[in-house]
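What follows is a single structure, written as structure tokens, with notes after it.
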Amino acid sequence: MPEGYDINWIAVLLVAGVGLAAMGALFGASYILAPKRYSEQKEMPYECGIPPAPFTWSQINIRYYVFAILFLIFDVEAVFLFPWAVVFLKTIPAVFYEMLIFIAILFFGIIYGWRKGVLQWR
């Protein structure tokens, strides 16, 4: 191993041990000190303030799912486009053409969704 890259493993293990002991002590203190008043209402699952009711079947339009999937696809496009735009000039030119192909595929996807009428909220 090159000089300067060695780690004092005893210090690492000591810090990990102290961290685990502190975490265990805090969980134990929370368990001991926390108030415990059990009730039927506290044991019920919380669903945005609405008491749970028996399951009633309802049909949901598939258009909502397709709209959500299209949103995710173009959200991922934005995630890939921003870093690419920042480092564009520092990379090899082939990256530019790869990104153009990526954008073209996504563009044809949005055109396909638009032609199918998926993007119209009815």
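The values are calculated or read from the model by the stated rules, or taken from the named source; none is laboratory data. No experiment lies behind these values; they were computed from the predicted model shown. Cβ atoms come from the backbone with ideal geometry, glycine included; neighbour counts cover every protein chain shown. All accessible areas refer to the heavy atoms of the entire protein, side chains included, with ligands and DNA or RNA removed. Shrake-Rupley method; radii C 1.70, N 1.55, O 1.52, S 1.80 Å.
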Counting only protein heavy atoms with a 1.4 Å probe and every protein chain in place, the carbon and sulfur fraction of the accessible surface of the chain in whole percent equals 72 percent
The simple spin-label model distance between F96 and Y31, using points 7 Å out along Cα→Cβ, in nm, is 6.2 nm
Filtering the chain for DSSP H helices with an axial alpha carbon extent of at least 15 Å and a Kyte-Doolittle mean of at least 1.6 returns 9-33, 62-86
For V66, the accessible surface traced by a 1.4 Å probe with all protein chains present amounts, in square angstrom to the nearest 10, to 50 Å²
Under Stokes-Einstein, the chain at 20 °C and 1.002 mPa s, with its Kirkwood radius over C-alpha pairs, diffuses with a coefficient in µm²/s of 97 µm²/s
Taking a probe of 1.4 Å and leaving out DNA, RNA and ligands, the chain shows per residue an accessible area in Å² of 94 Å²
Quick note, segment 6-71: a/c under 1.5 would make it rounded; otherwise a/b > b/c is prolate and the rest oblate (a ≥ b ≥ c, C-alpha gyration tensor); here it is oblate
With +1 on the Cβ of every Lys and Arg and -1 on the Cβ of every Asp and Glu, the dipole magnitude of segment 57-122 about its Cα centre, in debye rounded to the nearest 20, is 280 debye
